[in-house]
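The values are calculated or read from the model by the stated rules, or taken from the named source; none is laboratory data. These figures come from a predicted structure and were not determined experimentally. Reconstructed Cβ throughout: ideal geometry from the backbone, glycine too, with neighbour counts over all protein chains shown. SASA here: full protein model, heavy atoms, side chains in, ligands and nucleic acids out. Shrake-Rupley method; radii C 1.70, N 1.55, O 1.52, S 1.80 Å.
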Amino acid sequence: MLVLLDRDGVLNEDRPDFVKSPEELVFIPGALEAVTDLTASGHRIAVVTNQSCIGRGLISRETLDTIHAKLLSTLASKGGRIDHIFVAPDAPWEATENRKPGAGMVKAALSMFRENPENAVLIGDSKRDLQAARTAGCHRILVQTGKGRKTQKEGLDEDLLPVSVAKNMTEAAHFIQSGRYK
Ligand SMILES: [Mg+2]
């Protein structure tokens, strides 16, 4: 199936002041190994990430590319693969449909991979991840890493349910492998 991953708080530690350099990209233990397991099982994987640090003028697109080069090369060294990274660079005050909770990136991913939403699952730590997936009709997994516990504590609107709650990427990958994401 198509597995869509939020980045910050799912693959790497969320930073309130944004990940602004490759050095600030600190992976959550086990997250890349979980992606590798999904790769090995033949799933296609894409990242859908809001990066308002670009729209806010904090980093350039070139710097973001160096951050993502670190993500991809570290993952590759473990045998994993991310097929595409979708980025919404919008600042919140000029958000397009691409910035989550908008569903633009999720829909673009479904289109690129020619996948039915019923056969796609999004893993995220924020309500806006779940909202974007819900709008596009994809399955939803909330991880408790990053902002995940806070998101869970605040409660999820009924229209976002069902949402599977996983401790981290490791457990989320197990959910996908065993069909426990519906
Ligand atoms: Mg996040």
Rounded if a/c is under 1.5, else prolate if a/b beats b/c, else oblate: with a ≥ b ≥ c from the C-alpha gyration tensor eigenvalues square-rooted, which is region 123-182? oblate
Can you report the principal axis dimensions of the chain using only the alpha carbons, biggest first, rounded to whole angstrom? 39, 37, 33
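Suppose a student asked you for the relative contact order of the chain, using Cα pairs under 8 Å spaced at least 6 residues apart; what percent would you report?
Working: 346 pairs, mean separation 45.3, N = 182.
Over the chain, the number comes to 25 percent.
Just the accessible area per residue of the chain, please: how many Å² with a 1.4 Å probe?
Working: 8180 Å² over 182 residues.
For the chain, the solvent-accessible area averages 45 Å² per residue.
Counting only DSSP beta bridges with both residues in the chain, what percent are antiparallel, rounded to the nearest 5?
Values: 1 of 22 bridges.
About 5 percent, rounded to the nearest 5.
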Could you check which residue among Leu71, Leu11, Leu58 shows the biggest mean-square fluctuation in a GNM of the chain with a 10 Å Cα cutoff? Leu58
Within region 29-85, what whole-number % of the accessible surface is contributed by carbon and sulfur, with the 1.4 Å probe and all protein chains included in the calculation? 51
Are there trypsin sites (Lys or Arg not before Pro) in region 92-139 that DSSP marks as loop and that have at most 16 other Cβ atoms within 10 Å, and which are they? Arg114
Run the accessible area of region 96-182 with a 1.4 Å probe and give the carbon-and-sulfur part as a rounded percent. 46
Let me confirm the definition first: pairs of Lys residues in the chain, 8 or more apart or on different chains, C-alpha distance under 18 Å. How many are there? 15
